[in-house]
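First comes the structure, then the notes that go with it.
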Amino acid sequence: MPTNLPPQYFEAEKKLKVAKTPQEKMSVLEELLSIVPKHKGTEKLQALLKTKIAKLKFQVQKKPTIGRQRPAFNIEKAGAGQVILIGPPNTGKSMLIKALTNATPEIGNYPFTTRIPSPAMMEYENIQIQLVDAPPITPDYMESWHSELIKGADGISIILDLTSPNPAGALQVLLEKLKEKKIEIIAENKEIPSDKQQFIKKALIVANKIDQPLAEENLISLKKYVEPEYDLISVSASRGDNLEDFKKRIFIFLNVLRVYSKTPGKKVEFNAPFIFKKGSSLMDMAKTVHKDFSQKLKYARIWGKNKYQGQKVNRDYILQDEDIIELHI
């Protein structure tokens with residue numbers, strides 16, 4: 001029986017050829033699985049995709065350790081940045097992961113449905129951002145590898161439950177638990193001080209389940225607790241409220257930018273931008289593209305917002321989001 005695969009499948013399949021890390025490959029395979037028509041003719045293909053996904057999941061899961069101080073889990077970074085989702089039990093982190101990515105995490109209305117950290121790739125415009133669903137944190141439970149994952153991430157998102165009796169109190173307990181592990185959080189738009197005494201991470205505070213009864217009332221009290229220090233965002237993982245804004249906020253607080261490489265006489269490939277930290281220069285891009293460019297670069301032409309199109313720039317030019325760069329040697 002023919003599979004009758006749609007054109008979207010073959011477009012998505014191209015991504016698999018350029019995927020490098022297990023997480024990136026897993027994200028593409030999950031996308032392919034979601035596109036495949038569900039009928040008898042595709043049963044073997046579905047089984048093959050599921051087998052490949054399972055093997056990749058095994059690779060990123062628990063690794064053997066020697067000694068207590070080493071993290072029991074190692075989530076290799078992928079995409080434009082890694083953001084860890086943390087929070088008390090039953091805040092809806094897994095539901096958010098499901099709503100924002102192609103992943104299908106286990107979801108339940110009981111504590112500790114998430115038992116191990118699980119990565120998934122979130123699409124934002126033309127890039128992928130890695131989200132990691134971490135097990136819940138309670139006054140009595142926070143493993144040593146928990147803090148190591150948080151410290152190694154590019155940022156964290158604290159997920160709170162607007163249907164719980166006291167979301168502000170739950171946040172306070174979480175912050176105290178982080179302090180025990182010598183982790184302090186600051187707002188996403190703040191700069192991390194250079195004279196820090198402990199580990200400081202930027203955090204986005206998210207109030208989930210805004211669609212539920214009493215949520216609005218709890219949101220008002222939570223805002224009084226966190227504002228103006230933090231710019232709280234309220235979402236609904238089940239109904240989809242403000243999820244696009246949540247994606248944008250994550251992209252902004254990762255502090256990265258997208259740059260497109262242009263070959264003279266050819267069209268720009270907008271689906272595979274280079275990712276750099278804000279403040280990176282033209283030379284940073286040249287080194288990434290090829291060592292010959294970094295050694296022999298004469299100048300570059302640039303197309304972008306608020307610029308003369310095709311103007312020349314020198315090696316010290318500071319890259320801006322969505323610049324199109326044509327390198328010349």
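Any read-out appearing in this document is the output of simple, stated calculations on the displayed coordinates, not a laboratory observation. Bear in mind the structure is a predicted one, so any value in this text is a computation, not a measurement. Here the Cβ positions follow ideal geometry from the backbone for every residue, glycine too, while neighbour counts run over all protein chains shown.
Miscellaneous remarks
- Straight-distance crosslink candidates among aspartates and glutamates, where the alpha carbon sits under 19 Å from Lys20 and sequence neighbours closer than 8 are dropped: Glu11, Glu30, Glu31, Glu76, Glu123, Glu269
- The alpha-carbon of Lys202 sits under 18 angstrom from the alpha-carbons of these aspartates and glutamates, leaving out residues fewer than 8 places away in its chain: Asp133, Glu148, Asp154, Glu176, Glu180, Glu184, Glu188, Glu191, Glu227, Glu229, Asp231, Asp245.
- Relative contact order of the chain: 12 percent, from C-alpha pairs under 8 Å at least 6 residues apart in sequence.
- Annotation for segment 232-292: trypsin sites (Lys or Arg not before Pro) lying in DSSP loop with at most 12 further Cβ atoms inside 10 Å of their Cβ are Lys266, Lys267, Lys278.
- Residue-span extension gain [Lys55 to Ser281] - 0.36 nm each, minus C-alpha spacing: 77.5 nm
- Percent of beta bridges antiparallel (DSSP, segment 82-253, rounded to nearest 5): 30 percent
- Entries in Lys40/Lys247; Lys57/Lys305; Lys267/Lys287 that, when Cα-Cα distance is taken, lie over 32 Å: Lys40/Lys247; Lys57/Lys305
- Exposed loop sites are taken as chymotrypsin sites (Phe, Trp or Tyr not before Pro) in a DSSP loop (any state but H, G, I, E or B) with at most 16 other beta carbon atoms within 10 Å; the longest stretch of the chain without one runs 113-269.
- Under 17 Å from Lys296, Cα to Cα: aspartates and glutamates that are on another chain or at least 8 residues apart: Asp284, Asp316, Glu326
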